[in-house]
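Coordinate-derived values only; no laboratory data. Just so you know, these numbers come straight off a predicted model, no measurement behind them. Here the Cβ is made from the backbone with ideal geometry for all residues, glycine too, and neighbour counts use every protein chain on show.
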């Protein structure tokens, strides 16, 4: 597996793991797909019983501005770091923040809402790194576009859709599929692990990313 792809796979796994673990633990709060919180808020405002997880409405509301400001600051920090090190700096910050949140929770620090907002910051750092570094490839925190790409490639392979223009790149489709699988595995393991140790579960993907960065 190529070095860049293995990093993207770890990032996809981490994103799915953290988002799902927090969502289940906090009763309905996205920390990576923060725009999904608007859907839940809408359901709450519409009075759909249980659909919007009304108990997390305040956190859902403040997650977006926190995410926005964190991404803004990430861009500012990156602008003051040598270009060759920008991505590594942002990914290290995200890894250490995620690992720190997991360790704090395992130590019984409590304050789950605060820890969840720190994870919003970590996910903002990951998203900012991706937006500012095209070499990271396909998105690893939002899988909808990747699933669509795999579906289109499948339709083309089955000759149900026009063939792609230019030179076909089957490796690109394989990359998208691996990211979707990695994200899905993270979601499943995140849900299971949080049932065992709560938010402390996020220490696992945080440590995994740190090890991958060290290896790089």
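Any residue at all in segment 120-131 that's part of a helix (DSSP H, G or I), over 25 Å from residue 36 (Cβ atoms) and in contact with a helix residue (DSSP H, G or I) (Cβ under 9 Å, 6 or more places away or on another chain)? Within segment 120-131, none of the residues are part of a helix (DSSP H, G or I), over 25 Å from residue 36 (Cβ atoms) and in contact with a helix residue (DSSP H, G or I) (Cβ under 9 Å, 6 or more places away or on another chain). Of the residues making up segment 1-43, those that are closer than 30 Å to residue 172 by Cβ, outside any helix (DSSP H, G or I) and more than 16 Å from the chain's Cα centre (by Cα) are 1, 2.
Residues considered: 102, 108. Of these, the only one that is within 28 Å of residue 207 (Cβ to Cβ) and outside any helix (DSSP H, G or I) is 108. Of the residues 185, 210, only one is in contact (Cβ under 8 Å) with a residue 12 or more places away in the chain and crowded, with 17+ Cβ neighbours inside 10 Å; which? Every option except 210 fails the conditions. Flag: residue 139 matches the condition of being assigned to a loop (DSSP other than H, G, I, E, B), under 15 Å from residue 32 (Cα atoms) and either touching a residue at least 40 places away in the same chain (Cβ under 8 Å) or touching a helix residue (DSSP H, G or I) at 6+ places or on another chain (Cβ under 7 Å) (or both). Check off (1) free of Cβ contacts under 8 Å to residues at least 60 places away in the same chain; (2) surrounded by 13 or more Cβ atoms within 10 Å (Cβ to Cβ); (3) over 19 Å from residue 29 (Cα atoms) for residue 118 and give me the number that stays unchecked. For residue 118, the failing item is (3). Restricting segment 126-144 to residues that are farther than 14 Å from residue 202 by Cβ and within 10 Å of the chain's Cα centre (by Cα) leaves a set whose member that is surrounded by the fewest Cβ atoms within 10 Å (Cβ to Cβ) is 142.
Among the residues of segment 91-114, those identified as without any contact (Cβ under 8 Å) to a residue 40 or more places away in the chain and either surrounded by 15 or more Cβ atoms within 10 Å (Cβ to Cβ) or at negative phi (or both) are 93, 104, 107, 109, 114.
Scanning segment 1-24 for residues being touching a residue at least 40 places away in the same chain (Cβ under 8 Å), farther than 24 Å from residue 87 by Cα and surrounded by 22 or more Cβ atoms within 10 Å (Cβ to Cβ) gives a total of 3.
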